[in-house]
Amino acid sequence: MRCFMHPYQEAISVCKRCGKAMCADCSSYSGHSGICPQCKRLDYIKEREELQIEYSRLASAKTPFNTAIVWAILSAVAAVALALVTKLMFLFALLIFSAYFAIKAIIYKNKTNKINRDRFQQMRTIKARIEFLTGEIDKLEGALLKGDGTI
């Protein structure tokens, strides 16, 4: 039996997933896991898609500090606008809510810094893995297109 990708080489194993014959080079590419390069490529594509979703989730995550600052600003603007429109000066007392959210933001600042450091480290790790997977996928696609290329 000949390798599906290298027809001039004898097959030493068969892919556990698709049943294609593999030579020593193809088998060693996936660490002799019994998975052919074509199925490994599909695994890489799936993993990359999952990591891209996780990366997007981390990139768009809101932190307690950001939320508290937004509420502080919104409540201050609302209190001032309401006081000016109604000409009721006691409504400036609503600025207490703004102060509450501002204090809350200060308290969250240290917590947010740690959250951001951890999140950015995760994002760097995920991005590096995505880049590796993209390179491997490109390499496999090139070899599979040639039909008898070196991986």
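The values are calculated or read from the model by the stated rules, or taken from the named source; none is laboratory data. Note that the coordinates shown come from a computational prediction; the quantities given were computed from them, not determined experimentally. We place every Cβ from the backbone using ideal geometry, glycine too, and count neighbours over all the protein chains shown. These area figures cover heavy atoms from the full protein model, side chains too; ligands, DNA and RNA do not enter into them. Shrake-Rupley method; radii C 1.70, N 1.55, O 1.52, S 1.80 Å.
Things to note:
Per-residue answers, yes or no, for (1) in a helix (DSSP H, G or I); (2) out of contact with any strand residue (DSSP E or B) (no Cβ under 8 Å at 6 or more places or on another chain); (3) hydroxyl-bearing (Ser, Thr, Tyr):
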position: His6; (1), (2), (3): no, yes, no
position: Gln38; (1), (2), (3): yes, yes, no
position: Lys46; (1), (2), (3): yes, yes, no
position: Tyr55; (1), (2), (3): yes, yes, yes
position: Leu58; (1), (2), (3): yes, yes, no
position: Ala61; (1), (2), (3): no, yes, no
position: Ala68; (1), (2), (3): yes, yes, no
position: Leu84; (1), (2), (3): yes, yes, no
position: Ala93; (1), (2), (3): yes, yes, no
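Results for (1) under 28 Å from the mean Cα position of the chain (by Cα); (2) at pLDDT 80 or above; (3) of a type outside the set (A, V, I, L, M); (4) farther than 30 Å from Pro7 by Cβ, shown as yes or no for each residue.
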residue: Glu47; (1), (2), (3), (4): yes, yes, yes, no
residue: Leu74; (1), (2), (3), (4): no, no, no, yes
residue: Leu82; (1), (2), (3), (4): no, no, no, yes
residue: Phe120; (1), (2), (3), (4): yes, yes, yes, yes
residue: Ile126; (1), (2), (3), (4): yes, yes, no, yes
residue: Glu131; (1), (2), (3), (4): yes, yes, yes, yes
residue: Glu141; (1), (2), (3), (4): yes, yes, yes, no
residue: Leu145; (1), (2), (3), (4): no, no, no, no
residue: Thr150; (1), (2), (3), (4): no, no, yes, no
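- When the stretch 4-44 is filtered for residues that are in contact (Cβ under 8 Å) with a residue 40 or more places away in the chain, open to solvent by less than 40 Å² (accessible area, probe 1.4 Å) and of a type outside the set (Ser, Thr, Tyr), the ones remaining, listed by number, are Met5, His6, Cys26, Pro37.
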